[in-house]
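Notes for the one structure printed next.
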Amino acid sequence: MTRPKRAALKRRLTELYVRKLKPKTQQFLVWDTLQRGLAIRVQPTGARAWKCIYSHHGRPRWLHLGDAGAIGLADARTLAAEAMLAVARGKDPAGEKRAERGAGTFAELAERYVEHYAKRRNKSWAQADKLIRRHVLPRWGKLQAASINRADVRAMMSRIEAPVLANQVLAAVSAVFSWAVKQEMVETNPCRGVDRNATRSRERVLSDTEIPRFWSAFDDAGLVASLALKMILLLGQRPGETEHMRREHIVDGWWEMPGHPVPALGWPGTKNGAGHRIWLPQAARALIEELGDGATEGFVFAGPRGGPIHGLDGAMRYICAKLGVERATPHDLRRTHGSTITALGFGRDAMNRIQNHKEGGIASVYDRHGYAEETKRIMEAVASKIMALAEGRSADGKVVQLR
């Protein structure tokens, strides 16, 4: 059954009427009967904006005049009158404004997105920006952003061999266009309606026989990358957090991670924003000693220029290719650690606590120090198990024959 259209609200607006307008459950318009084309739009949030609505080539056009809280009724009428005069002369004020704001290349649009939105709202902006710079800008950088269509998006995805990577690039590009649509820089998001690649759910965990092979192969990634990968396997913490591990955060054998970013130290914060404290077993402390000279400041896994190391995903791809095994990622090393916790009988709650999973708010309220001794015991037990496997020993210390 078709719903009848609601009658348009029309009246001669006054300053008092505009001030007293109350929001409803759905947005609505009130048209001014004095100035043709002028209307005030009220959102459910209470936000109010002046609009000039007219027809161009038989299609309705909406010109945003400004926030009703900043522009009075008299000025709104003046702006609407100027716009309607331009329409009478055959112009399209809304289209011209959109073209002016959206003018520029995709490279310029992506840069504005990062500077004006992503850095403030998206903790993973750097990773998405890197994907765009590597896979999109070489071909799209000089294209007008408003000219990019779905065919361009599909062609871009077809050039990326890895299905998961192509999906990640699609998501990064879509985020840029979604923001641009809200800012009225472009009319549409060309990523809408483009199907993602079908992928299999990955639940990769290294087997007991794979651990010694990977442990040995890690050394081919270079000293710092090798020790970083080993640390992920020994601690089970998120790869991005391990890459940014700071010596200042190691206190009395504990790695204490602030939940929120610490820009001065280059610390990005934890993924869920919750502070976290994890015990460093003896094997993990030995890895740090391999890199350290007694320093108490700086990144543990520092790159050539002193910043945090990057490229662990690429290192894992290289290692898997060399070993001739199914692809594994740094996150799979974390998953292997979690699986080892439960395999040793410590339970899923302990795994969630150690890996800083936030489930139903529980992680934010428990006394983290109350589990200190248990955490120490679990971390040492898991590290002992992993090191025994890495060194080709069984749980009783005997050397085992690996295939």
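The values are calculated or read from the model by the stated rules, or taken from the named source; none is laboratory data. Because the structure is predicted, anything quoted here is derived from the model rather than measured. No Cβ is skipped: glycine too gets one built from the backbone with ideal geometry, and neighbour counts run over all protein chains shown. Protein only, heavy atoms only, side chains kept; ligands, DNA and RNA dropped before computing areas. Shrake-Rupley method; radii C 1.70, N 1.55, O 1.52, S 1.80 Å.
Annotation: per residue accessible area for the chain equals 57 Å², rounded to a whole number [probe 1.4 Å, protein chains only]. Could you tell me the calculated FRET efficiency between Asp67 and Thr105, based on Cβ-Cβ distance and R0 = 30 angstrom, to the nearest 0.05? About 0.55, to the nearest 0.05. Taking +1 at the Cβ of each Lys and Arg and -1 at the Cβ of each Asp and Glu, which of Cys191, Ala88, Trp140 sits farthest along the dipole of the stretch 71-220 towards its positive end, judged by Cα position relative to the Cα centre? So the residue furthest toward the plus end is Ala88.
What do you reckon, how do Val251, Val382 stack up by accessible area (1.4 Å probe), largest on top?
Val251, Val382
Once a ≥ b ≥ c are taken as the square roots of the eigenvalues of the Cα gyration tensor of the stretch 207-366, is the result rounded (a/c under 1.5), prolate (a/b larger than b/c) or oblate (a/b not larger than b/c)? Note, shape of the stretch 207-366 comes out oblate. Inter-label distance, Thr209 to Lys376: 3.8 nm, where each label sits 7 Å from its Cα along the C-beta direction. Modelled spin labels at Thr342 and Ala155, positioned 7 Å past Cα toward Cβ, are 4.6 nm from each other. Segment Arg59..His260, full-extension length gain: 67.5 nm, with 0.36 nm per residue of separation and the alpha-carbon distance subtracted. Starting from the Cα gyration tensor of the stretch 1-93, take the square roots of the eigenvalues, sort them a ≥ b ≥ c, and report rounded, prolate or oblate (rounded when a/c is under 1.5, otherwise prolate if a/b is larger than b/c, else oblate). Cα axes put the stretch 1-93 in the oblate bin.
In a simple Cβ point-charge model (Lys, Arg +1; Asp, Glu -1; nothing else charged), the chain has a dipole of about 2660 debye relative to its Cα centre.
For the chain, with all protein chains in place and a probe radius of 1.4 Å, 50% of the accessible heavy-atom surface sits on carbon or sulfur.
Accessible surface ranking for Asp92, Asp195, Asp152, Asp67, 1.4 angstrom probe, highest first: Asp195, Asp67, Asp152, Asp92. Could you tell me which of rounded, prolate or oblate describes the chain, using a ≥ b ≥ c as the square roots of the eigenvalues of the alpha-carbon gyration tensor, with rounded for a/c under 1.5 and, failing that, prolate when a/b is larger than b/c and oblate otherwise? It is prolate, given that a/c is not under 1.5 and a/b is the larger ratio.
Estimated at 0.36 nm per residue, the fully extended path between Lys142 and Ser216 surpasses their Cα-Cα distance by 22.1 nm.
Mean Kyte-Doolittle of at least -0.5 and a Cα length of 24 Å or more along the axis: which whole DSSP H helices of the chain meet both?
Working: long enough: 163-182 (29 Å, 1.27); 372-390 (26 Å, 0.29).
Membrane-span-like by this criterion, though nothing is claimed about a membrane: 163-182, 372-390.
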